[in-house]
1. Any idea what log10 I(q)/I(0) is at q = 0.11, 0.14, 0.17, 0.20 Å⁻¹ for segment 91-191, Debye with uniform C-alpha scatterers and no solvent?
2. Using packing as a proxy for protection, rank 175-182, 106-113 so that the peptide with the highest average count of other Cβ atoms within 10 Å comes first.
3. Any idea what the relative contact order of segment 185-231 is, in percent, if you count C-alpha pairs under 8 Å spaced at least 6 apart?
4. Considering the Cα trace of segment 104-158, what is its radius of gyration and what is Dmax, both in angstroms?
5. How would you order 185-195, 202-212 from highest to lowest mean count of nearby Cβ atoms within 10 Å?
6. Using only Cα atoms, locate the centre of segment 129-163 and the centre of segment 2-22, then give the distance between them in Å, rounded to an integer.
7. Could you work out the relative contact order of segment 72-231? I mean the mean sequence separation of Cα pairs under 8 Å and 6+ apart, divided by the number of residues, in percent.
8. For segment 1-71, treating each Cα as an identical point scatterer without solvent, what Debye log10 I(q)/I(0) comes out at q = 0.22 1/Å?
Amino acid sequence: MQRCPEPELMNAPDQVIAYAEADFSSGDHSVIERLYELIDESPTTLSPGSLILDLGCGPGNISERLAARWPLSNVIGLDGAPSMINIATQRLTSLRPAFQNLNYKLVDLSHYSVDKMNQLKGASVIVSNSLLHHLHHPQKLWDCVKELAAPNAFMLHRDLRRPSHEREVDVLCDRYARQAPSVLQRDFRASLIAAFTPEEVREQLDLAGLSQFRVEAIGDRYLEVCGQWCP
């Protein structure tokens, strides 16, 4: 099935509200646990003050979990949609003073300027969840990763993977989004069609000089890119 890109930013009011109110706890928890495994399996440890970046953070679901799991690290969530950052910041205000190690920044990775991102360089962990398929030029993500990562930084990027045919899209939508609000049903279908295959992501990584990262299919709808950055 041919890929059909969707809008890069989710900034419409109905989208922001729907995603902020939706329960993605199972998937979010899975991302955090996978990252914990990745770090635990490595001789490299996260020292106090380590920088953790959550790219395409949306309303902050995963950023909050990162800050809670690694309270001695500095977590920064980045998103290019002003409305998403506003929601994430409002939520963070209600969570203070419990989360002193979490902040958000409005950054559109599709139009980022390296010179303006110096304070984000040297990250020990870079995470993204459901970001890659939104990018019309996916190499932007991998270029950004190389610019921001410290040597031996941990990488975990999870996203949907594109089904091979329309019938599979119908099955997945019925299985996972049938009871969801209409805006989430619409976006889930569009995201499946906009997603990449593992083979396409491997080609992206090869082109970026990041072939050291592993690309794996996860379950019936996800793919995962993980590893450590060794420049």
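1. -0.51, -0.77, -0.98, -1.09
2. Values: 175-182: 12.2, 106-113: 15.4.
So the peptides 175-182, 106-113, ranked by packing, come out 106-113, 175-182.
3. Details: 33 pairs, mean separation 12.7, N = 47.
Relative contact order here is 27 percent.
4. 10.8, 28
5. Values: 185-195: 19.5, 202-212: 15.2.
The packing order, highest mean first, is 185-195, 202-212.
6. Between the Cα centres of segment 129-163 and segment 2-22 lies a distance of 18 Å.
7. Values: 223 pairs, mean separation 35.3, N = 160.
Relative contact order here is 22 percent.
8. So the normalised log intensities work out to -1.06.
Where a number appears in this text, it was derived from the coordinates with a stated rule and is not lab data. Here the structure is a predicted model, which means the values were calculated and not measured. As a convention, Cβ positions derive from the backbone with ideal geometry for all residues, glycine included, and neighbour counts pool all protein chains shown.
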